[in-house]
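I'd like to ask you about the structure that follows.
The values are calculated or read from the model by the stated rules, or taken from the named source; none is laboratory data. Small disclaimer: the values here were computed from a predicted structure and weren't measured. As a convention, Cβ positions derive from the backbone with ideal geometry for all residues, glycine included, and neighbour counts pool all protein chains shown. The protein model used for the area step is the full one, side chains on, heavy atoms only, and it has no ligands, DNA or RNA in it. Shrake-Rupley method; radii C 1.70, N 1.55, O 1.52, S 1.80 Å.
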Amino acid sequence: MPDLLWDDVRNFFDPDLMGALPDVSVTDTSVDDWQAVFDLAGSSGWTWEYSEGCVRMPLPSAQEVLSRPTDADTALLKVWPVADVQVNFWPMSTGEIDFDVDLRELQGQEGVDVLCGLLGTIGRRLGRPVLMTGEGDRGKPVLGFDPRADRVVLLADPLEVQLTAAAGRDS
C-alpha cells in the first residue's frame, strides 16, 4: 500500500500552490551523512551527475566538497531516481542536506510513489526525518519521511495549502 494517496495530497504536488521546486531537507547532519547520500547515489542504480559551476566531474568525497572555499563555484549533485525525475542536491552546509524536486515531474499516484520512495530511501539510510516544504517556505513542512513510522506522513493539511495560496492571490 502506498504511503500517501494522490487524491489526498494533490495540493502538495501542485506547482502553483507549492512552487515548482519545493524544498526538501534533512537537518542536524554531518559530513558522514552527506557521504552516505553520495554513496547512495553511486550504489542505488540512480543515474547521477556532479558539477561545480558548469564543469561536470567525478563525484569527490563529501569532505572535499564541503571543505571548498566559500567563494568556490556552486556544487550540485543531480540524481535521477527514475527516468524523467531529477533531484538536485545542494552540498553547501555540513549541518543540513538540502535538495529539491520538480513537482511538474511528479504528477499522479506514480509521482507520489516516486517521491515517497526517494524520501524513504534517504531517511532510512540516514535514520532521520526528511521534510518537504513549499518552495522558499522553509519553516512549514507539509510532508516527510518519519523514521519512527518508517513511512512518509502528512505534516500539514493539504486543504490549508489551497486556502493559503488563494488568500495570497487575493491580497
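What are the residues whose amide H is under 5 Å from the amide H of L143, where those residues sit 5 or more places off or on another chain and H is modelled from the backbone?
M132, L155
Of the listed values (i) 47.4; (ii) 10.5; (iii) 11.6, identify the label whose number matches mean projected area of the Cα convex hull in nm² calculated from this model.
Derived directly from the coordinates: (ii).
Follow-up question, since we're still on this one. With all distinct Cα pairs included, what does the Kirkwood hydrodynamic radius of region 9-77 come out to in Å, to one decimal, could you say? Walk me through the intermediate numbers first.
On the way: mean 1/r = 0.0703 Å⁻¹.
It works out to 14.2 Å.
List the GluC sites (Glu not before Pro) in region 1-81 that DSSP assigns to loop (not H, G, I, E or B) and whose Cβ has at most 16 other Cβ atoms within 10 Å. Which are they?
Answer in residue order: no site qualifies.
In Å², what does the accessible area per residue of region 60-157 work out to with a 1.4 Å probe? The partial results should precede the final answer.
Working: 4690 Å² over 98 residues.
Here the residues of region 60-157 average 48 Å² of exposed surface.
Helix 158-170 against the longest principal axis of the chain: what's the angle in degrees, Cα atoms only, rounded to the nearest 10?
For 158-170 against the chain, the angle is about 80 degrees.
If you don't mind, another one. Whole Å is fine, so just give me how far the alpha carbon centre of region 64-112 lies from that of region 9-51.
Centre-to-centre distance over Cα atoms comes out at 5 Å.
If packing is taken as the average number of other Cβ atoms within 10 Å across a peptide's residues, how do 146-154, 126-134 rank, most packed first?
126-134, 146-154
Compare the Cα positions of L5, G136, M92 along the charge dipole of the chain (+1 at Cβ of Lys, Arg; -1 at Cβ of Asp, Glu; about the Cα centre) and return the one farthest towards the positive end.
M92
A follow-up question, please. Work out from phi, with θ = phi - 60° and the Karplus expression 6.51 cos²θ - 1.76 cosθ + 1.60, the ³J(HN,Hα) of each residue of region 27-43, listed in order in whole Hz, and give x for Gly and Pro.
Couplings: 9, 6, 9, 9, 4, 4, 5, 4, 4, 4, 5, 4, 5, 4, 4, x, 10 Hz.
Follow-up question, since we're still on this one. Quick check: convex hull over the Cα atoms of region 81-126, volume per residue in Å³, rounded to an integer?
Here the figure is 71 Å³ per residue.
Before rounding to the nearest 500, sum -39500 (n - 2.57) across all DSSP H runs of length at least 4 in the chain and divide by the residue total; then give [θ] at 222 nm in deg cm²/dmol.
About -10000 deg cm²/dmol.
In whole angstrom, and with the biggest value first, how far do the Cα coordinates of region 77-162 range along each principal axis?
33, 28, 26
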